[in-house]
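Trainee: Quick one: the structure is below, and I'll ask about it shortly.
The values are calculated or read from the model by the stated rules, or taken from the named source; none is laboratory data. Quick caveat: nothing in here was measured; it's all calculated off a predicted structure. Because the Cβ atoms are built from the backbone with ideal geometry, glycine has one as well, and the counts that use them run over all protein chains shown. All accessible areas refer to the heavy atoms of the entire protein, side chains included, with ligands and DNA or RNA removed. Shrake-Rupley method; radii C 1.70, N 1.55, O 1.52, S 1.80 Å.
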Amino acid sequence: MAKQEIFLKDYTVPEYLIETVDLTFEFKDNEKTSVKAEYKVKKNPESKAENTFILKADELELAEVRVNDNILTNKEYSFDGKVFKLENAPEEFTFQAITLIDPANNSHLMGVYRSNGMFCSQCESEGFRRITIHPDRPDVLSEFTTTIIADKKAYPMLLSNGNKVEEKDLEDGKHLVKWHDPHKKPCYLFAIVAGDLDYIADTFTTMSGKQVNLKVFTDKANIHKAGFAMNSLKLSMKWDEEAFGREYDLEDFMIVAVDAFNFGAMENKGLNIFNSSAVLSTPETSRDDQLEYIQAVVGHEYFHNWSGNRVTCRDWFQLSLKEGFTVFRDSEFSKDMTQGVRKRIDDVKVLKAFQFAEDSSPMSHPVQPQSYQEIDNFYTLTVYEKGCEVVRMYKTLLGEENFRKGSDLYFKTFDGKAATIQDFRWAMEQAGGVDLSQFHRWYIQEGTPTLKVDEHYNEETKTLTLSFKQVIKEGQEPFFIPVKYGLVDKNGNDINTGSDMLIVKDLDQSFEFYDLDEKPVLSVLREFSAPVKIDFNQTDEEIQFLAENDNDLYNRYEAIQRVFTKQIEQAIEDLRQGYEVAVFKDVMDVFTKTLTDESIDLAVLASYLRLPLKQTLEEIIQPVDPILMHKALEEVKNIIAYELHDLFVALLRKHYEPSKTYEFTGEEINRRAVALTCLDYVFTANQENATEIVQELFERANNMTHESAAFKLLLKSDNQVVRERSSKAFFNKWIDDNIVIDSWFTSVTASEKMCNAETFNQLQENEAFNIKQPNKVRAIVGGFTQNPNFHTAEGYKAIADLTIKMDEINPHMASALARKLMSYKKYDSKYADLMLENLKYINKHVKSAGVKEVLEKTLNS
Ligand SMILES: [Zn+2]
């Protein structure tokens, strides 16, 4: 049975407010943990409801309840394991509860659980009710005090939110540590950690001269891998002061790395808990993209201190208020650190490949969902990444200065409050002096709108007319779309039209440009200024012209992708007809120009040389035949690699310096990316000669970026001995590194030549695999679903079986797995039928509400 659906329109204020929360945890090794909670409760003056005090619970034992120190008998309240109700509650009272929880057997990884010998917690979104009974809603904000008692030898580190206010030794080798957080916060930001951890320490002086103690905690074996995260934290703190005027507000800031974690990281006030894969790193163990990811996640969680913690969400429908804005903030941070213009290309790539796919799937929902059964299912690309795009549009519309004014006003007005998406818009409207009510549709209308573009040039009047038509879902109203653009003359220069942006807000809208001596080439939606699909029948010549000349670095990439996409479409058709694949001349020309144009910014060069992602193509070329698409991509790549071999070699030579000392700078990262992209083509064209250099890079690399790239190429070798030897070598070298071994799992399961459904199932018995660690499950599933062997009856069944298994262990992960088959309708029927069969099979065997919600929406769509 699916859970009851919850609607945004039904929101009511909480009946009771909780001023203070006092918690006492006593951790013991082989017993359940007792949690004492004491609340100062007050009727909410804004609530018109009856005096019923309602608390939530999940998988806990309720041992005792008191009101104003009097123990209640179970006749005085009702409790069904999920909901606790106290009717006719006083206007103001002290509430106490003692609950027993079982962290050792908590494999959901929500609430308090054990991971690798330590106790840790995850409360967002509804994990606090797995610790104690509580309203567990984000608009109940309280001041928290947390006391932790545990054996001092086994758990020397006892951490919680805020500032440490007491520390003492107790009898029997126990100790007690007390924390107090002066900032009111919702319970989803509560955190607790107890363990035998090591840490590195540093300090940061804020803009007003306060010193903050910074600590990064890890298990003892990994302490040498904490430095990069610490440095990222300091960079984040500085950046947020400069870019957004935000200063840190506690004496301590702590990060703790945890192996078993459902998410990337969690922004608990003053005590961020991180998936170890988002903290632990050195250049020898993490690739450039992983280091950039870690820097971004450290930034993201830190930035939440203001966008999420100081100003929090009224209810979970406002999730994008904190996430969309914070993703935007971390994206600007990454751009300023190492990524530069490449950041835009990378962000849009993810959006088009994965968020657009979500928009066209049965789980499609607006940035602000209007209803849900299980909020856990809405921590999605739409809420995060599309939410970020919407915030970016605010900035595009308002301009840098007014956007900053708007964000300052937002923080100032809603500090210490639980806010809404409308509150954010209000601040932006105030700052920009504009009415953005139509713009709000980006939050409440689902799906990716298409913008149909037409142009007409009148030679006599020398006038260009651009017409835009919004193609939107039935029942939707037109979006407010900022369209950045350029008119490019035949020399590749932008014509001055007095503006660089058009606002399209009607279903049909036209714009005219006068005094143009010849027809310019339209470069439309520059910088990807709105999350829309463009339908524009531009000529092949014009697209190629933009691919070679557009001044907007993002749109030049976009034009290159359009040229390549047409090519892949044709190659699929060739293969379907049984013909040999032929590569168009314009594709060769674009590659040749890209490989030889020395004026191209190094930051974007590697992106310009890569063929489109499968996932992006799957959104464009439908119905999808995944095997033909895979073959088409391979064949086109082979031909390009072979024909342009010498140019790839030349560019490789220019940038390839494997023995150089590793540096984490934008320039060096870009150079490595270009070199490794070229090496991939060179290896593709001529394995025989290139194997030696790849082998040498694999054995002698001084950083993981090189080692991992070489490893992946060796897994593509036609020589089985080379493949297996490399796989074994990498595995044996890294068997003790829990994070690097995840890359081994991903690389092997993604490899067509190394892994099929049978191997995939066997890998789950591997000594290094642990089904209770989400990272391991993500690693094999992330790899295998890229592998063409996934698209077989056995492949789909393997994912279905794993989903059913995960449903018992960790419903959050199971729900993510069930989505792997959810978009079956876009596939050719011979794949779609098999996927559907497996979805029904999963549906027969799962119980958790999250998975049921996904399946229900999929099977009823
Ligand atoms: Zn976040």
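Trainee: Longer than 19 Å from Cα to Cα, which of K452/K533; K32/K174; K220/K728 are they? Say none if no pair is. Working shown, then result.
Mentor: Values: K452/K533 8 Å; K32/K174 17 Å; K220/K728 27 Å.
In this structure, K220/K728 exceed 19 Å between Cα atoms.
Trainee: Something else: Filter the GluC sites (Glu not before Pro) in the stretch 610-666 to those in DSSP coil with at most 15 other Cβ atoms within 10 Å of their Cβ, and list the result.
Mentor: E663
Trainee: Over the stretch 402-551, what portion of Cα pair distances is larger than 18 Å, expressed as a whole percent?
Mentor: Here the long-distance tail beyond 18 Å is 65 percent of all Cα pairs in the stretch 402-551.
Trainee: Same structure again: If you rank D801, D289, D646, D181 by how much accessible surface each has, with a 1.4 Å probe, what is the order from largest down?
Mentor: Values: D801 50, D289 85, D646 115, D181 0 Å².
From most accessible down to least: D646, D289, D801, D181.
Trainee: Please work out the FRET efficiency for the pair L409 and A154, using the Cβ-Cβ distance as r and a Förster radius of 56 Å; give the result to the nearest 0.05.
Mentor: Values: r = 49 Å, r/R0 = 0.88.
According to the calculation, E is roughly 0.70.
Trainee: Another one. Can you give me the solvent accessible area of K322 with a 1.4 Å probe, rounded to the nearest 10 Å²?
Mentor: Estimated to the nearest 10 Å², K322 gives 0 Å².
Trainee: With r as the distance between the Cβ atoms of Q762 and K452 and R0 = 51 Å, compute the FRET efficiency 1/(1 + (r/R0)^6) and round to 0.05.
Mentor: The computed FRET efficiency comes out at 0.55.
Trainee: OK, next. For the stretch 750-861, what does the alpha-carbon gyration tensor say about shape, rounded, prolate or oblate, given a ≥ b ≥ c as the root eigenvalues, a/c under 1.5 as rounded, and a/b over b/c as prolate?
Mentor: Working: a/c = 2.10, a/b = 1.15, b/c = 1.83.
Here the stretch 750-861 falls in the oblate category.
Trainee: Could you give the alpha-carbon Rg of the stretch 1-196 over 2.2 N^0.38 Å, rounded to two decimals?
Mentor: Normalised Cα radius of gyration, the stretch 1-196: 1.03.
Trainee: Now, a different point. Could you tell me which of rounded, prolate or oblate describes the stretch 312-444, using a ≥ b ≥ c as the square roots of the eigenvalues of the alpha-carbon gyration tensor, with rounded for a/c under 1.5 and, failing that, prolate when a/b is larger than b/c and oblate otherwise?
Mentor: Oblate.
Trainee: Further, regarding this structure: Go through 680-693, 295-308 and give me the packing order, highest mean Cβ count within 10 Å leading.
Mentor: Details: 680-693: 17.6, 295-308: 25.7.
Per-residue mean Cβ counts within 10 Å order the peptides as 295-308, 680-693.
Trainee: What nm distance separates the two modelled labels at Q438 and T596, each placed 7 Å from Cα along Cα→Cβ?
Mentor: Placing both labels 7 Å along Cα→Cβ, they lie 4.8 nm apart.
Trainee: Let me ask you something else. Determine which aspartates and glutamates satisfy two conditions relative to K772: a Cα distance under 15 Å, and not lying fewer than 8 residues away in the same chain.
Mentor: Within the straight-line limit of under 15 Å, K772 reaches these aspartates and glutamates: D259, D742, D807, E808.
Trainee: Where does each of K852, K412, K178, K776 land when they are ordered by accessible area, with a 1.4 Å probe and the largest first?
Mentor: K412, K178, K852, K776
Trainee: Same structure, new question: Could you tell me the largest-minus-smallest coordinate of the C-alpha atoms of the stretch 450-530 on each of the three principal axes, in descending order and whole angstroms?
Mentor: Between the extreme Cα coordinates on each principal axis of the stretch 450-530 lie 42, 27, 17 Å.
Trainee: Label the stretch 553-859 by shape, choosing from rounded, prolate and oblate, from the square roots a ≥ b ≥ c of the eigenvalues of the Cα gyration tensor; if a/c is under 1.5 it is rounded, and otherwise prolate applies when a/b is larger than b/c, oblate when it is not.
Mentor: Values: a/c = 1.96, a/b = 1.33, b/c = 1.47.
Since a/c reaches 1.5 but b/c is at least a/b, the shape of the stretch 553-859 is classed as oblate.
Trainee: Something else about it: Considering only C-alpha atoms, what is the centroid distance from the stretch 461-488 to the stretch 333-375, in Å?
Mentor: Using only Cα atoms, the two centres lie 22 Å from each other.
Trainee: If Lys and Arg each add +1 and Asp and Glu each add -1, what is the summed charge of the other residues whose beta carbon sits under 9 Å from the beta carbon of K164?
Mentor: -3
Trainee: Turning to a different aspect of this structure: Accessible area, 1.4 Å probe, largest first: how do H812, H440 sort?
Mentor: H812, H440
Trainee: Moving on to the next point. How much length is gained on full extension from K3 to D198, taking 0.36 nm per residue of separation minus their Cα-Cα distance?
Mentor: Working it through step by step, the gained length comes to 66.0 nm.
Trainee: On to the next question. Which aspartates and glutamates, on any chain, are close to K484 with Cα under 12 Å apart, when same-chain ones fewer than 8 places away are left out?
Mentor: D500, E527, D552
Trainee: For n ≥ 4 DSSP H runs only, could you compute -39500 (n - 2.57) per run for the chain, divide by its residues and tell me the 222 nm figure to the nearest 500?
Mentor: Mean residue ellipticity at 222 nm (helix-derived): -12500 deg cm²/dmol.
Trainee: Please give the Cα centre distance for the stretch 205-253 versus the stretch 604-659, rounded to the nearest Å.
Mentor: Centre-to-centre distance over Cα atoms comes out at 40 Å.
Trainee: Using 1/(1 + (r/R0)^6) with R0 = 56 angstrom and r between the beta carbons of D172 and N51, what's the FRET efficiency to the nearest 0.05?
Mentor: Computed FRET efficiency for D172 and N51: 0.80.
Trainee: Here is a further query. Which loop GluC sites (Glu not before Pro) in the stretch 457-526, with loop taken from DSSP, have no more than 14 other Cβ atoms within 10 angstrom of their Cβ?
Mentor: E459, E460, E474, E518
Trainee: Same structure again: Take the cross-link list K269/K335; K469/K820; K85/K857; K386/K847; K349/K826; K349/K733 and give me the ones stretching past 22 Å between alpha-carbons.
Mentor: Among K269/K335; K469/K820; K85/K857; K386/K847; K349/K826; K349/K733, the Cα-Cα distance tops 22 Å for K269/K335; K469/K820; K85/K857; K386/K847; K349/K733.
Trainee: Now for a separate question. Could you give the nm distance between label points at K40 and E752, where each point is 7 Å from its Cα heading toward the beta carbon?
Mentor: 6.7
Trainee: Can you give the accessible area of M588, probe radius 1.4 Å, in Å² rounded to 10?
Mentor: Counting only protein heavy atoms, M588 exposes about 30 Å² to solvent.
Trainee: How large is the Kirkwood hydrodynamic radius of the stretch 108-253, in angstrom, based on all distinct alpha carbon pairs? Display every interim value, and only then the final one.
Mentor: Details: mean 1/r = 0.0596 Å⁻¹.
For the stretch 108-253, inverting the mean 1/r across all distinct Cα pairs yields 16.8 Å.
Trainee: Here's a follow-up. Could you compute the net charge surrounding V21? Neighbours are other residues with a C-beta less than 12 Å from the C-beta of V21; K and R count +1, D and E count -1.
Mentor: Values: positive: K36, K40, K184, K185; negative: E19, D22, E38, D136, E143, D181.
Once all neighbours under 12 Å are counted, the net charge is -2.
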